[in-house]
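Have a look at the structure below, then the notes.
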Amino acid sequence: MYVVLQTSFLGDMILTTPLIARLAERGAVDVVATPANAGVLANHPAVRQVLVFDKRGADAGVAGLWRMAARLRECNAQTAYMAQGSLRTAALARLAGIPERIGFATSPGRMLYTSRVPFRRELHHAQRLWQLGSNLDDASAPTVRPSLFPGIVDMAQVDALLQANGVAAGEPLIALAPGSVWATKRWPSFDALAAQLANDDMLRSHRVVVVGAASDGPLARAVIEALRARGVTSAIDATGRLSLLGSAALLSHAKMLVTNDSAPLHLASAMNTPTVALFGPTVPSFGFGPLSERHMIVEQHGLACRPCHAHGPQQCPLGHWKCMREITSETVVAAVRNVVTHA
Ligand code: SF4
């Protein structure tokens with residue numbers, strides 16, 4: 001019996017699925033997740049149950065931690081995999097009485113682990129997490145890809161959205177994901193990209209669909225307006241209209257995705273959707289690049305200030321934000337053409 005504790009961002013949860021799948025080959029796997037991320041594991045055949053840990057809400061504070069530990073104790077797990085490395089998460093596993101606790105040697109909660117695994121910076125984060133489930137002397141790290149399993153309800157959501165917008169069977173879609181929690185990771189020219197797609201001989205036959213959370217609505221509307229200004233009225237705003245797995249299902253329909261370094265990138269990796277990924281204040285070598293078989297990365301090489309932050313600051317500390325502002329829509333369209341041609 002195993003439990004995987006992952007209470008970080010959505011992308012981290014998606015990248016934990018190869019570890020979960022690996023552990024499920026040996027026994028039942030329960031997962032501790034935040035309320036925001038729990039839904040992405042629905043229908044996953046490797047997951048026995050998801051325990052929701054609302055660490056910033058109902059389960060906040062010491063009393064919440066004890067309550068959650070009591071629930072976790074009922075799982076009777078022998079081994080906890082600390083995919084999220086905080087002291088609080090480590091304390092949760094310890095309080096739940098789980099005898100073996102395995103996590104990264106660099107994590108803040110490492111003092112409470114029984115085994116510490118090297119954090120190998122050269123690997124993709126999905127591989128690092130996967131290696132938590134390896135023998136400690138196993139240095140190999142195969143290519144892994146996350147997996148998600150949209151259900152009937154998620155697929156029905158997508159079918160309804162496409163039908164309501166008159167999308168014909170087989171009509172090619174280009175998905176755009178202009179949002180990110182971190183402001184400096186949001187490439188500011190998705191509207192200019194949309195305008196170029198409308199004028200491009202090869203790409204104008206593709207329908208644009210904008211994906212993201214409800215909070216990405218204003219970014220989606222800017223894209224839709226840019227297309228309208230060029231006479232294209234067929235674009236679809238899917239922001240805030242689909243479940244997480246519905247978004248994954250929609251991406252599986254799309255010919256490709258253009259995205260920032262944010263959660264949709266990892267949804268696309270799980271669905272193996274060809275991807276153009278834009279990196280600004282962060283770099284792919286942090287371990288969060290695309291894992292779709294067909295992908296391209298667009299970034300400004302040669303900027304001495306990159307990377308400037310583990311996630312991407314809310315404001316450019318230098319004020320010029322060149323890492324994103326200097327990525328041109330022409331460069332991105334060329335990458336889109338390349339990916340679409342070989343998809
Ligand atoms: S400091 Fe450099 S890398 Fe960081 S946000 Fe500004 S331009 Fe981008």
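Data table
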item	result
Qualifying residue in the range 247-263 (condition: within 16 Å of ALA42 (Cβ to Cβ) and of a type outside the set (A, V, I, L, M, F, W, C))	yes
Cβ pairs under 8 Å, 6+ apart, first in the range 41-62 and under 13 Å from THR7 (Cα atoms), second aromatic (Phe, Trp, Tyr) and surrounded by 12 or more Cβ atoms within 10 Å (Cβ to Cβ)	ASP59/PHE53
Hey, ALA21 modelled with pLDDT of 95 or more, part of a helix (DSSP H, G or I) and out of contact with any strand residue (DSSP E or B) (no Cβ under 7 Å at 6 or more places or on another chain) or not	yes
The range 299-311 residues that are in the same structural domain as SER285 (by TED's automatic domain parsing) and under 19 Å from THR259 (Cα atoms), paired with ones that are assigned to a strand (DSSP E or B) and not polar (S, T, N, Q) (beta carbon under 6 Å, 6 or more apart)	GLU299/PHE279
Output for the range 194-215, where each listed residue is in a helix (DSSP H, G or I) and under 26 Å from SER243 (Cα atoms)	ALA194, ALA214, SER215
Listing of helices (runs of 4 or more DSSP H) fully contained in the range 229-343 that carry 1 or more residues being more than 16 Å from the ligand (Cβ to nearest atom) and either buried (at least 17 other Cβ atoms within 10 Å of the Cβ) or at pLDDT 95 or above (or both)	244-253, 263-271, 329-342
Residue match in the range 98-116 (condition: more than 22 Å from LEU15 (Cβ to Cβ), open to solvent by less than 30 Å² (accessible area, probe 1.4 Å) and either in contact (Cβ under 8 Å) with a residue 24 or more places away in the chain or not in a helix (DSSP H, G or I) (or both))	yes
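The values are calculated or read from the model by the stated rules, or taken from the named source; none is laboratory data. Quick caveat, the model's predicted, so the values are computed rather than measured. Glycine gets a Cβ as well: all are built from the backbone with ideal geometry, and neighbour counts include every protein chain shown. For the accessible areas, the whole protein counts, side chains as well, though only heavy atoms, and no ligand, DNA or RNA atoms are used. Shrake-Rupley method; radii C 1.70, N 1.55, O 1.52, S 1.80 Å.
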